[in-house]
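The values are calculated or read from the model by the stated rules, or taken from the named source; none is laboratory data. Remember, it's a predicted structure, so these values are computed and weren't measured experimentally. Every residue, glycine among them, receives a Cβ derived from its backbone with ideal geometry; neighbour counts consider all protein chains shown. Note: accessible area is taken over every heavy atom of the protein model, side chains too, but ligands, DNA and RNA are not part of it. Shrake-Rupley method; radii C 1.70, N 1.55, O 1.52, S 1.80 Å.
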Amino acid sequence: IPNNYKNLFNLKMAAKELQRNSKKCDKEEKIEKAKVKKAIQKGNTDVARIHAENAIRQKNQSVNFLRMSARVDAVAARVQTAVTMNQVTKSMAGVVKGMDSTLRSMNLEKISALMDKFEHQFETLDVQTAHMEDTMSSSTTLTTPQNQVDSLLHEMADEAGLDLNMELPQGQTGSVGTSVASAEQDELSQRLAKLRDQM
């Protein structure tokens with residue numbers, strides 16, 4: 001039983017750490033937005049676009065950390081119920097092996113896979129888990145939707161009281177970073193799909 005409480009404590013600490021990471025991303029987003037405004041004021045649209053992409057990436061990452069924090073929190077509550085009702089099974093004990101290092105890593109993909117295992121255990125215990133599936137795919141950190149970038153650029157230009165002339169040649173509205181990001185995104189989606197198939 002003491003071990004179960006230790007696992008419970010670790011889950012709760014991980015949820016708090018994920019929240020802290022989310023707040024860090026929020027701060028970074030504000031810094032990047034300020035850089036967008038400065039670049040627009042200097043008339044440097046290319047630099048402004050890079051900072052706008054960074055700002056949106058930080059915003060999405062913040063949402064991901066927050067979602068995962070809520071998910072870990074929900075699992076912690078279920079573990080607490082299981083411990084209280086003496087429902088901690090041998091198979092659940094198997095799930096917690098290596099849990100500490102996974103939670104410490106703050107790697108959303110690994111934590112998501114760990115939460116999948118926990119949730120699977122609770123389903124067998126008939127404790128229904130609200131699956132927050134596709135935690136990462138809906139607003140992943142690696143892609144930067146260009147319409148979001150454009151609207152952020154315009155928002156910062158408005159705040160700076162400037163008119164933004166973005167006469168970009170057709171077909172060059174994206175940036176090199178975006179194509180790299182989308183390739184990474186595809187790879188991430190494939191890895192997530194494989195993880196789900198193994199469940």
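General observations
- Within segment 38-49, residues that are open to solvent by 100 Å² or more (accessible area, probe 1.4 Å) reach partners that are outside any helix (DSSP H, G or I) with beta carbons closer than 9 Å, at six or more positions or on different chains, in the pairs 38/44; 38/160; 41/160; 41/162; 46/175.
- Test result for residue 102, hydroxyl-bearing (Ser, Thr, Tyr) and modelled with pLDDT of 75 or more: yes
- Checking residue 151 against (1) surrounded by fewer than 16 Cβ atoms within 10 Å (Cβ to Cβ); (2) touching a helix residue (DSSP H, G or I) at 6+ places or on another chain (Cβ under 8 Å); (3) modelled with pLDDT of 80 or more, the condition it does not meet: (2)
- Of the residues in segment 84-99, not one is outside any loop (DSSP other than H, G, I, E, B), modelled with pLDDT of 70 or more, under 20 Å from residue 17 (Cβ atoms) and of a type in the set (Ser, Thr, Tyr).
- Meets criteria (within 19 Å of residue 113 (Cβ to Cβ) and either surrounded by fewer than 18 Cβ atoms within 10 Å (Cβ to Cβ) or modelled with pLDDT under 90 (or both)) for residue 74: yes
- Residue match in segment 50-61 (condition: assigned to a helix (DSSP H, G or I), closer than 30 Å to residue 120 by Cα and either out of contact with any Asp or Glu (no Cβ under 9 Å at 6 or more places or on another chain) or open to solvent by less than 10 Å² (accessible area, probe 1.4 Å) (or both)): yes
- Cross-chain or 6+ apart pairs with Cβ under 6 Å, segment 1-30 first and on the phi < 0 side of the Ramachandran plot, then among the basic types (Lys, Arg) and buried (at least 17 other Cβ atoms within 10 Å of the Cβ): 29/59
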